[in-house]
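**Q** This is the structure I want to talk about, given as structure tokens.
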Amino acid sequence: MSEVAERWGSRRAFIMAMTGAAVGLGNIWRFPYMTGENGGSAFLMLYVIFVLLLGLPVMMAEILVGRAGRRTPMQALSHLALENGHSRHWRLIGLMGAATVFFILSFYSVVSGWSFEYMFDALGGNFTGMSPAEIGGSFNTFLADPFKVIFNHTLFMLLTMSVVAAGIGSGLEKLNNLLMPLLYLLLFVLVGYGATTSGFTTALAWLFTPNPAAIDITVVLNAMGHAFFTLAIGACALMAYGAYMPDRQSLPTAVIAVACLDILVALLSGIAIFSIVFSQGMDPASGPGLMFVTLPIALADLPGGNIWLGGFFLLLAMATWTSSINLAEPMVAMLQSAGLKRGVAALLIGVGVWLMGLPSALSFSSLADWTPLEGKTFFDLVTSIPTDIFLPLGGVLIAIFATWIMDRQRAFDALGASTTLCRGWLWVTRWISIPLVIIVLISSLWHQG
């Protein structure tokens, strides 16, 4: 179990990689509609609080395990556990994390393919002159076409795995350094467009004016779950990247930077989307269709609307591309550690994920009537169970490992911070973050049941 040879080329490259892994569907697709359904500012306030109390400490725990072990997740967990006199079976967390990422990436690729279709449709002016009912119908017509959905799913997987196959320095690092700044630039441009609409001030008030009356147990649990999901914690992807972390870098400083960048994407996308929604007098609580139905309705017939709508879906495609690339890396690294060349490992993972994505792609057409569990389609299951159950389960096990199983000084050395800050992290993770994650897990199990 030798240490990994590769390292991120710089501290900035590490932060861009972590941000690339975290920023994706959770920020640009899920955050706006979750905010719309859960009271606007009430949800936003709780989400930020839980990112700080739940997300950051567990994120540090996951990365420090990778940094201390300097191996693939399964090897790092086994090595560190044996080093401190514990069972090597802790490595099974890494196996569960790889399986979780495998399932998540399979539906990620399908949904990301939708953004390709909508981007080209928008730029081609296909939504111009269509009524709201026609736009909603066009989405359903697209989903019901298995050839289109599978084609876009295939295209997305090819783009993803071709970058992963190129390696850390030549593939992931170069793409993250290019696309992440471009993503933020595009977001600021879209917010600038939102500022010209009549709904801009309404959107700001709705997002940032305190509204404690809207807080209930459902809003609290949804905010906790989303804070966990949006940072990509619990699947050992961040652990794998921690193994490549530069030696002379403060982990808390890097993680705080990533969390701030992650929250910024969510805020900017929310401001841009809700400015348009309110300017058109539409319902912010439109659910998951907010991006794919509401925005085309709002923008299609405005001057330059096709360009701005195409920009939204380009943004979504970029965010999911970087996120998927960063999620695929740990699985490829695991196969590399078994002796496979990177290109072969990337090919095997890519084909496997593509095959697993086919039932999700067909859940709206050929397999629409197949409901394996309690009336839920395969797509419903694969988008809920891995994210709502396996991620928090993995997160709580990783946090327990980092704070109770690992040698304390080993963990503190991996944090690369002052003794006071390290002790503060240890106390918060043990007595606040772990109980909060357990609550998220129990609520998810209750909801699934």
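The values are calculated or read from the model by the stated rules, or taken from the named source; none is laboratory data. All values reported here derive from a predicted model rather than from experimental measurement. Cβ: placed from backbone, ideal geometry, glycine included. Neighbour counts: every protein chain shown. For accessibility, only protein heavy atoms count, side chains too; no ligands or nucleic acids. Shrake-Rupley method; radii C 1.70, N 1.55, O 1.52, S 1.80 Å.
**Q** How would you classify the range 332-449 from its alpha-carbon gyration tensor, with a ≥ b ≥ c the square roots of the eigenvalues: rounded for a/c under 1.5, else prolate if a/b is greater than b/c, otherwise oblate?
**A** Because a/c hits 1.5 or more and a/b fails to exceed b/c, the range 332-449 counts as oblate.
**Q** Sequence gap at least 6, Cα distance under 8 Å: using those rules, report the relative contact order of the chain to the nearest whole percent.
**A** This gives 36 percent for the chain.
**Q** Now for a different question. Just to be sure I understand: if I project the alpha-carbon convex hull of the range 144-212 onto a plane and average over all orientations, what area do I get in nm²?
**A** That works out to 8.7 nm², a quarter of the Cα hull's surface.
**Q** Which longest run of the chain has no exposed loop site in it, a site being GluC sites (Glu not before Pro) in a DSSP loop with at most 16 other beta carbons within 10 Å, and the site itself not part of the run?
**A** 7-373
**Q** At a 10 angstrom cut-off on C-beta neighbours, averaged per residue, how do the peptides 389-402, 426-439 rank from highest to lowest?
**A** In descending order of packing, they fall as 389-402, 426-439.
**Q** Which percent of the accessible heavy-atom area of the chain goes to carbon and sulfur, probe 1.4 angstrom?
**A** That share works out to 67 percent.
**Q** Let me ask another. Is the shape of the range 77-137 rounded, prolate or oblate, going by the alpha carbon gyration tensor and its root eigenvalues a ≥ b ≥ c, with a/c under 1.5 for rounded and a/b larger than b/c for prolate?
**A** prolate
**Q** Helix-derived [θ] at 222 nm for the chain: sum -39500 (n - 2.57) over DSSP H runs of at least 4, divide by residue count, nearest 500?
**A** The per-residue figure over the chain is -22500 deg cm²/dmol.
**Q** A further question on this structure: Roughly how many Å² is the accessible area per residue of the range 5-77, as a whole number, for a 1.4 Å probe?
**A** 23 Å²
**Q** With a 10 Å radius around each residue's Cβ, average the other Cβ atoms per peptide and rank 73-80, 144-151, 242-249, highest first.
**A** Output ranking for 73-80, 144-151, 242-249: 73-80, 242-249, 144-151.
**Q** May I ask you to list the chymotrypsin sites (Phe, Trp or Tyr not before Pro) in the range 71-110 that are in a DSSP loop and have at most 10 other Cβ atoms within 10 Å of their Cβ?
**A** Counting only loop positions with at most 10 other Cβ atoms within 10 Å, none of the chymotrypsin sites (Phe, Trp or Tyr not before Pro) in the range 71-110 qualifies.
**Q** Between residue 336 and residue 213, how high is the FRET efficiency from 1/(1 + (r/R0)^6) when r is the Cβ-Cβ distance and R₀ = 51 Å? Nearest 0.05.
**A** Plugging the Cβ-Cβ distance into 1/(1 + (r/R0)^6) gives 0.45.
**Q** For the chain, max minus min Cα coordinate along each principal axis, in Å, sorted largest first?
**A** 67, 49, 45
**Q** Under 27 Å from the Cα of residue 174, which lysines turn up, not counting those fewer than eight places away in the same chain?
**A** By straight Cα distance, residue 174 reaches 341.
**Q** Still on this structure, please answer the following. Can you bin the range 172-273 into rounded, prolate or oblate? Criterion: square roots of the alpha carbon gyration tensor eigenvalues sorted a ≥ b ≥ c, rounded for a/c under 1.5, prolate for a/b above b/c, oblate for the rest.
**A** oblate
**Q** Can I ask one more? Starting from 0.36 nm per residue, how many nanometres of slack lie between residue 370 and residue 430 once their C-alpha separation is accounted for?
**A** 17.4 nm
**Q** Let me ask you something else. For the range 1-154, what is Rg from Cα atoms divided by 2.2 N^0.38 Å, rounded to two decimals?
**A** My calculation over the Cα atoms of the range 1-154 gives 1.41.
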